[in-house]
1. Would a scan of region B:61-75 turn up a residue that is within 14 Å of chain A (Cβ to nearest Cβ), in contact (Cβ under 8 Å) with a residue 40 or more places away in the chain and surrounded by 15 or more Cβ atoms within 10 Å (Cβ to Cβ)?
2. Checking B:PRO40 against (1) in contact (Cβ under 8 Å) with a residue 12 or more places away in the chain; (2) surrounded by fewer than 14 Cβ atoms within 10 Å (Cβ to Cβ); (3) more than 30 Å from A:LYS9 (Cβ to Cβ); (4) not charged (D, E, K, R), which test does it fail?
3. Looking at (1) modelled with pLDDT of 95 or more; (2) surrounded by 14 or more Cβ atoms within 10 Å (Cβ to Cβ); (3) among the aliphatic types (A, V, I, L, M), can you tell me which one B:ALA81 breaks?
4. Looking only at region B:87-103, count every residue that is facing chain A (nearest Cβ under 7 Å), closer than 19 Å to B:ASP22 by Cβ and at pLDDT below 95 and tell me the total.
5. I'm checking my understanding of the structure. Among residues of region A:69-87 that are buried (at least 19 other Cβ atoms within 10 Å of the Cβ) and in a strand (DSSP E or B), which one is nearest to the other protein chains (Cβ to nearest Cβ)?
6. Show the residue pairs meeting these rules: Cβ distance below 6 Å; 6+ apart or different chains; first residue within region A:30-58 and in a strand (DSSP E or B); second residue among the acidic types (Asp, Glu) and surrounded by fewer than 18 Cβ atoms within 10 Å (Cβ to Cβ).
Amino acid sequence: DTEVTQTPKHLVMGMTNKKSLKCEQHMGHRAMYWYKQKAKKPPELMFVYSYEKLSINESVPSRFSPECPNSSLLNLHLHALQPEDSALYLCASSQVFPRRTGNSPLHFGNGTRLTVT
Amino acid sequence: AQKITQTQPGMFVQEKEAVTLDCTYDTSDQSYGLFWYKQPSSGEMIFLIYQGSYDEQNATEGRYSLNFQKARKSANLVISASQLGDSAMYFCAMREYKAAGNKLTFGGGTRVLVKP
């Protein structure tokens, strides 16, 4: 069983809807991530939170709004999405990147399969 | 420019045989980490093995080993004694300590199909 839990597993939403994806981890990790993955493509980084502060935003459109309410939770708020935003959304967590040792793999959740109609 | 390149889009391998998945990377950072992940059709990303740029020995983890050639900037994954459950997409990924902080960048992936 994965130690990073994402809900819901599947989501279908219209272009005018507002929905949220949720992610939770209890591994004591202080870095959390959102990735977007289209079919047959690698995951693409969207956002990184370190110590509950947004540290990386990969020029993601404002219709995606991340939130990190505490060290265990990460949300992705969705509003006015387009059909091309349909994808698998993966949450991950890790130790905050240590300077030299580096052996801190990202632990991924099972993802939310999002379909925008 | 591509930071991580996986040149094999797909491979067939016979059950019980070994398979090597290629990965080359590009970085000017002296300190970095290389990771391999497995993604079955269910979608979860499973961490397999890690190699640090300062590690002198090649990493091994059960049936997985990493052939790390730093001068050539390659980090090939070797899966020994392939099993049917090894059929999946495999991604090579890199973290650069100084340049990109907590960012993990993935290569394009290699799809492996194990034949009985």
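The values are calculated or read from the model by the stated rules, or taken from the named source; none is laboratory data. Fair warning: this is a prediction, and the values are worked out from it, not measured in the lab. Using ideal geometry, Cβ is built from the backbone for each residue, glycine included, and neighbour counts are taken over all protein chains shown.
1. Checked region B:61-75: at least one residue is within 14 Å of chain A (Cβ to nearest Cβ), in contact (Cβ under 8 Å) with a residue 40 or more places away in the chain and surrounded by 15 or more Cβ atoms within 10 Å (Cβ to Cβ).
2. (3)
3. (2)
4. 0
5. Out of the qualifying residues, it is A:ALA87.
6. The qualifying pairs are A:LYS36/A:GLU44; A:LEU45/A:GLU58; A:MET46/A:GLU58.
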